[in-house]
Each structure stands twice: as structure tokens, then as C-alpha cells.
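Colleague: Below: one structure in C-alpha cells.
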Amino acid sequence: MVEDPSADIIREAAGALGDTTVQDVIQADVGAKNAPTAVFSAKQVRRARDLLARLYALRRAERFYPQEHPAVVQATEEFGAVLSQFHEEGVDVPLTFFEDELLLGDQLLAEDSVLFDQLIRDMTAVGAGNVVFQRGVTLAEIKEFARIISTDPEIVAAQGGIGAMVTTAGLEHIIVSDVAVYHEQPKVSDVDGGRLAKEAYSNALDLMRELERLIRTSQVINVPRVKGTVRSLIENVMNNRYATLELAGLKSFDEYTFYHSVNVAILSLALGSMITHDYRFLSTLGTGALLHDVGKMTIDLDILNKPGPLTSEEWAYIRQHPIYGAENTALTPGLDKAATVIVLEHHMRYDLTGYPQRTPPRRQHLASRIVAVADAYDAMTSRRTYSAARPQDDAILTLVKNAESALDPTLVRLFVGLMGLYPPRSVVLLSSGETGIVVSPNPHSVSLPRVRVIAAAGGEMTAPVDIDLAEDDEGRTIVRCIDPAGLNVEVSDFL
Ligand SMILES: [Fe+2]
């Protein structure tokens with residue numbers, strides 16, 4: 001049985017994360033680079049109505065006529081002309097279509113929300129709840145954007161959602177994303193749970209791909225999309241935990257950082273939700289976890305992916321990534337400032353011998369300690385340019401060995417309780433000689449999870465059968481984890 005977290009931890013979690021710890025760590029010079037939060041003039045707010053009317057006309061033209069039809073060309077040009085008036089005044093144009101509200105930046109357009117209710121419905125139906133038209137946008141991009149938002153919602157869904165379509169179209173100056181809404185859900189069936197978790201996972205991956213593009217081209221992080229993604233991950237971790245945890249074992253060698261970030265967010269949220277269900281805390285935790293390595297997105301890819309050993313200068317450079325990341329998140333308007341603390345602190349270690357060093361030393365925040373456990377676990381179980389992936393049980397043991405030094409011992413205990421000694425997706429040898437894949441942990445016994453048996457004692461593959469080791473009549477137990485590569489088994493095929 002896992003022990004209850006200490007009263008200390010609960011007290012700390014219950015208090016909201018403050019915004020105060022950032023300033024004293026990030027040096028004062030970064031203040032000068034602070035990106036302005038767009039405040040729109042009364043004239044610009046009035047002009048938004050003209051812009052919306054032209055967007056409505058453009059979408060209608062796009063739906064009724066072929067793309068090269070003069071009506072579409074004209075509607076594109078007219079919309080582009082109003083847009084360029086904003087851009088010439090030095091501002092990007094962020095629009096939010098949400099339930100029955102319309103916003104320009106943070107400003108609610110009350111009358112327009114009534115006038116354009118059809119447009120709000122159409123935009124939200126395809127998942128285009130947030131749109132930012134950035135300076136530099138071309139008529140070709142506007143035309144492509146019009147085509148995407150005029151697509152039937154079912155087709156958009158079939159193509160992987162609006163985020164995927166925008167990514168595929170390569171629109172450089174138009175950012176489109178959904179506005180996710182958190183609401184308590186009734187318990188979902190296993191089938192729905194699997195589908196919802198996969199959707200949330202792949203949306204989060206798309207977000208990470210987009211963030212890398214934005215950061216590498218010195219653009220501002222798309223905050224509404226980060227918030228929506230975190231909300232949806234929280235929703236899945238809370239309502240649909242095992243399907244989501246199972247996905248957190250997905251790996252990609254080529255896109256390591258993207259998968260790693262999403263996995264760390266899921267594992268952190270699952271661990272954090274064992275301590276508190278406070279939405280504000282979880283939201284900060286999820287945001288910080290998802291963005292904990294954004295600093296790496298500013299580091300030279302040649303160094304990041306270098307197959308051989310790094311020189312001491314290269315190491316020193318890579319060890320700057322928490323600071324680069326924290327600068328980036330601290331300067332992003334609208335982003336939860338407390339998440340910056342996590343980005344900055346995730347490598348500091350529990351015993352404060354990590355990096356960056358802080359004088360005078362101050363304990364890592366609870367949320368940073370949570371992310372550190374998730375980060376260590378996912379990194380160990382992934383194949384990297386410089387090391388092979390470790391089996392899950394080995395990674396769990398290493399966490400235990402590092403409790404007190406690198407990691408918070410109470411959180412390690414909770415994490416072992418959450419994942420079990422044999423986490424989901426582990427391929428295991430049973431005492432019967434059979435081979436199985438761990439499907440979900442058992443909250444009451446860390447060593448007896450639910451297992452899908454896939455091969456008989458002789459090694460021949462069998463039709464998969466699920467067994468709960470905690471209630472197994474034959475009394476089977478797990479002997480050890482085995483490397484799926486040696487068995488020629490693709491774990492995903494069985495889940
Ligand atoms: Fe990191």
C-alpha cells in the first residue's frame with residue numbers, strides 16, 4: 001500500500017502557486033524584451049466589425065463557389081484589405097469565437113457577438129475557436145485559411161482536426177486552434193475513453209510541433225491553444241485515467257521532445273491529482289510540465305541531436321535550457337506565470353545540487369518536484385541518441401534509488417503507487433512462463449497489475465486474454481520485465 005502524502009505536501013498544494021518567484025531568478029534585463037500585450041484602440045474595435053463581416057462573406061463565397069471564382073478572389077482581397085489596416089498599425093489580429101461570445105484580443109465585442117452569431121457557430125463547429133492573423137500574412141494564406149474553415153466539420157474531424165489541417169497547409173502567419181472547455185464528464189466507457197485519450201494526446205503532440213515552429217522562428221507562443229490542450233489533458237487524466245496513462249508510454253525517437261513533453265504532462269497531472277484536484281494547481285502543473293523543455297527549442301539542433309559525447313562547452317550550453325525556457329514563458333503574454341517556475345526549476349534536484357544554481361538556495365516548488373519525477377521516468381524509458389531505453393521496472397527502481405537525492409521521496413512513493421512496479425505497456429514474463437503486456441496498474445497492489453497475456457509458456461502467440469493478477473485463480477505473478485524488441489513484439493499492436 002502507498003502511504004498518504006504528508007500533510008506538508010497537501011498544505012503546499014492547496015495554496016495557489018504565487019507569481020512572485022520568477023522575478024528574483026530571471027535577471028532584470030529580460031524585462032526590456034517584454035512583448036507588448038495588444039490593446040486595441042476604439043477605432044480598431046469598430047473596424048473589427050468590418051473585418052468580421054468580410055470574414056463572413058469570404059466563408060460564404062468559399063462555400064458556394066469554386067476557389068478560383070471571381071467572387072472568392074474578391075472576398076479574399078476585401079478581407080485582406082481590412083486586415084492589412086490593422087497590420088499597418090503594427091498589431092496582429094487575434095479573434096476568439098467561443099460559445100456565444102466574440103473577442104478581439106482580450107476585449108469582448110458585445111454587439112458583434114449578437115450580430116455574428118452564425119459566424120461564431122460556424123467557426124466553433126470546425127474547431128476554429130481561436131484565430132490569430134499575424135503581420136506578414138499573404139492573400140494565398142488567407143485563401144487557404146478560408147478553404148479550411150469552410151470545410152464540413154465531419155471532414156475536418158476525419159482529417160485529424162483543424163490543428164492538423166493548418167499544420168499540413170503550412171500557414172505561417174495564421175494560427176488556428178480550438179477553445180477547449182473543461183466540464184465534468186460522466187464516467188466514459190473503455191472504448192470512448194481510449195478514443196478521447198488518443199485525441200487529446202495527438203492534439204497535444206500537434207501543439208508541441210507548432211510551438212517548436214513558433215519558437216524557432218522567434219514568434220510568440222500560442223497561449224489559448226496551450227490552455228486548451230492542458231485543459232483537455234486534465235480532463236482525460238481525471239475522467240479517463242488508465243487509457244491516458246497507457247498512452248503516456250508512447251515514444252518516438254525522431255520526435256523525442258514532443259512525445260516526451262506530452263508524456264511528462266500526463267504523468268505529472270496523474271501524480272499531481274493524487275495530491276489535489278484543485279483545477280488552478282493542476283492547470284499550472286500541466287502547463288509547466290508541457291513546456292518544461294521549451295528552452296531546448298532554442299538550442300542548436302546539431303548539438304541537441306549530436307550522436308557522440310558532448311564537449312563540456314556543449315553541456316554548459318544545454319544546461320542553460322531551463323533559463324531559456326523560463327525567459328520565453330515569462331515573457332509570453334497571458335501564459336500562467338507560475339508555470340515559469342516549473343520550467344526554471346525542473347533540473348534543480350531535490351537536494352538542490354542540480355542546475356541552474358540559485359543563491360540563496362530555495363527548495364524546489366512542489367509542482368517542479370512533481371515534474372522532475374515524471375521527467376526522470378519518461379527520459380529513462382525512452383531511447384535517446386546516447387542511451388538505450390531502460391525497461392520500465394528498472395526505471396521505477398532507479399527512481400526509488402534517487403529518492404532523497406534527486407527526487408522528492410514522498411512523490412516517488414506516490415508515483416510507484418500510481419504506476420506500479422510494472423507500469424502500463426511493460427512486457428512481462430509471468431511465473432507460468434507466459435508473456436503478457438501490462439494494461440493498467442492495480443491501485444491496491446504495486447506488483448499485481450492487470451495483464452494482457454499474448455504468448456504461451458512455449459513462446460507461441462495466443463489470442464490475447466486479460467487477467468487481473470490480483471484476482472488470478474492460478475496465482476500467477478510477474479517474474480520480470482522483458483525487452484519487447486527481443487521478442488519481435490510491437491506493444492501498440494496489442495493495446
Ligand atoms: Fe529539461
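Colleague: With (1) at pLDDT 95 or above; (2) within 15 Å of the ligand (Cβ to nearest atom) as the list, and GLY286 as the residue in question, which single condition is left unmet?
Modeller: (2)
Colleague: Would you mention how many residues in region 137-157 are in contact with a helix residue (DSSP H, G or I) (Cβ under 8 Å, 6 or more places away or on another chain) and outside any helix (DSSP H, G or I)?
Modeller: So the count comes out to 3.
Colleague: Identify, please: which residue in region 231-256 is of a type in the set (A, V, I, L, M, F, W, C), under 14 Å from the mean Cα position of the chain (by Cα) and part of a helix (DSSP H, G or I) and is, among those, surrounded by the most Cβ atoms within 10 Å (Cβ to Cβ)?
Modeller: If we filter region 231-256 for residues that are of a type in the set (A, V, I, L, M, F, W, C), which is where we start, we get 233-234, 237-238, 243, 245, 247-248, 250, 253.
Subset that is under 14 Å from the mean Cα position of the chain (by Cα): 233-234, 237, 245, 247-248, 250.
From what's left, part of a helix (DSSP H, G or I): 233-234, 237, 245, 247.
Working: LEU233: 30, ILE234: 24, VAL237: 25, LEU245: 24, LEU247: 24.
If we take residues in region 231-256 being of a type in the set (A, V, I, L, M, F, W, C), under 14 Å from the mean Cα position of the chain (by Cα) and part of a helix (DSSP H, G or I), then LEU233 is surrounded by the most Cβ atoms within 10 Å (Cβ to Cβ).
Colleague: Moving on. Would you confirm, using the coordinates I've provided, whether LYS296 is of a type in the set (Lys, Arg) and away from the ligand (no atom under 16 Å from the Cβ)?
Modeller: Values: of a type in the set (Lys, Arg): yes; away from the ligand (no atom under 16 Å from the Cβ): no.
No, not satisfied.
Colleague: Would you mind finding the one in ALA395, ALA403, ALA367, ALA388 that is within 15 Å of the ligand (Cβ to nearest atom) and either closer than 19 Å to SER268 by Cβ or without any contact (Cβ under 8 Å) to a residue 40 or more places away in the chain (or both)? Step through it out loud before you land on a result.
Modeller: Numbers: ALA395 fails: within 15 Å of the ligand (Cβ to nearest atom); ALA403 fails: within 15 Å of the ligand (Cβ to nearest atom); ALA388 fails: within 15 Å of the ligand (Cβ to nearest atom).
The unique qualifying residue is ALA367.
Colleague: When you scan region 311-322, do you find a residue that is charged (D, E, K, R) and closer than 21 Å to GLU404 by Cα, even just one? Reasoning before the result, please.
Modeller: Taking region 311-322 and keeping what is charged (D, E, K, R), we get 313-314, 319.
Right, trim to closer than 21 Å to GLU404 by Cα and you get none.
Checking region 311-322: not a single residue is charged (D, E, K, R) and closer than 21 Å to GLU404 by Cα.
Colleague: Separate question: Being surrounded by 15 or more Cβ atoms within 10 Å (Cβ to Cβ) and in a loop (DSSP other than H, G, I, E, B) is true for just one of LYS306, LYS296. Which residue is that? Before you say what the answer is, go through the steps one by one.
Modeller: On the way: LYS296 fails: in a loop (DSSP other than H, G, I, E, B).
Testing whether each residue is surrounded by 15 or more Cβ atoms within 10 Å (Cβ to Cβ) and in a loop (DSSP other than H, G, I, E, B) leaves just LYS306.
Colleague: Please go through region 216-230 and pick out each residue that is surrounded by fewer than 20 Cβ atoms within 10 Å (Cβ to Cβ) and either within 9 Å of the chain's Cα centre (by Cα) or part of a helix (DSSP H, G or I) (or both).
Modeller: Of the residues in region 216-230, the ones surrounded by fewer than 20 Cβ atoms within 10 Å (Cβ to Cβ) are 216-220, 223.
Once the filter is applied, which keeps residues that are surrounded by fewer than 20 Cβ atoms within 10 Å (Cβ to Cβ) and either within 9 Å of the chain's Cα centre (by Cα) or part of a helix (DSSP H, G or I) (or both), region 216-230 yields ARG216, VAL223.
Colleague: On to the next question. Going through region 333-352 one residue at a time, which ones are outside any helix (DSSP H, G or I) and either within 16 Å of the ligand (Cβ to nearest atom) or buried (at least 23 other Cβ atoms within 10 Å of the Cβ) (or both)? Talk me through it step by step, then tell me what you get.
Modeller: Here is the first cut: in region 333-352, the ones outside any helix (DSSP H, G or I) are 333-336, 346-352.
Residues satisfying the conditions are ASP336, HIS346, HIS347, MET348, ARG349, TYR350.
Colleague: Pairs needed: first member in region 411-433, closer than 17 Å to LEU495 by Cα and not assigned by TED's automatic domain parsing to the domain that holds SER368; second member anywhere, of a type in the set (Lys, Arg) and buried (at least 23 other Cβ atoms within 10 Å of the Cβ); C-beta distance under 7 Å; at least 6 residues apart or different chains.
Modeller: Partner pairs satisfying both residue conditions: none exist.
Colleague: I'm checking my understanding of the structure. Among residues of region 453-474 that are touching a helix residue (DSSP H, G or I) at 6+ places or on another chain (Cβ under 9 Å) and surrounded by fewer than 18 Cβ atoms within 10 Å (Cβ to Cβ), which one is modelled with the lowest pLDDT? Let's see the steps before the verdict.
Modeller: First pass over region 453-474, keeping only residues touching a helix residue (DSSP H, G or I) at 6+ places or on another chain (Cβ under 9 Å): 454-455, 459, 464.
Keeping just the survivors that are surrounded by fewer than 18 Cβ atoms within 10 Å (Cβ to Cβ) gives 459, 464.
Numbers: GLY459: 82, PRO464: 90.
It comes out as GLY459.
Colleague: Also, quick follow-up: Return yes when LEU207 is within 25 Å of LEU103 (Cα to Cα), assigned to a helix (DSSP H, G or I) and free of Cβ contacts under 8 Å to residues at least 40 places away in the same chain and no when it is not. Give the steps one after another, and end with the answer.
Modeller: On the way: within 25 Å of LEU103 (Cα to Cα): yes; assigned to a helix (DSSP H, G or I): yes; free of Cβ contacts under 8 Å to residues at least 40 places away in the same chain: no.
The answer is no for LEU207.
Colleague: Name every residue in region 312-332 that is assigned to a helix (DSSP H, G or I) and within 12 Å of the ligand (Cβ to nearest atom), in order of residue number. Walk me through it before giving the result.
Modeller: Step one: of region 312-332, the residues assigned to a helix (DSSP H, G or I) are 312-318, 321-330.
Listed by number, the residues that qualify are ILE318, HIS321, PRO322, ILE323, TYR324, GLY325, ALA326.
The values are calculated or read from the model by the stated rules, or taken from the named source; none is laboratory data. Model, not experiment: these values are computed from the prediction. Here the Cβ is made from the backbone with ideal geometry for all residues, glycine too, and neighbour counts use every protein chain on show.
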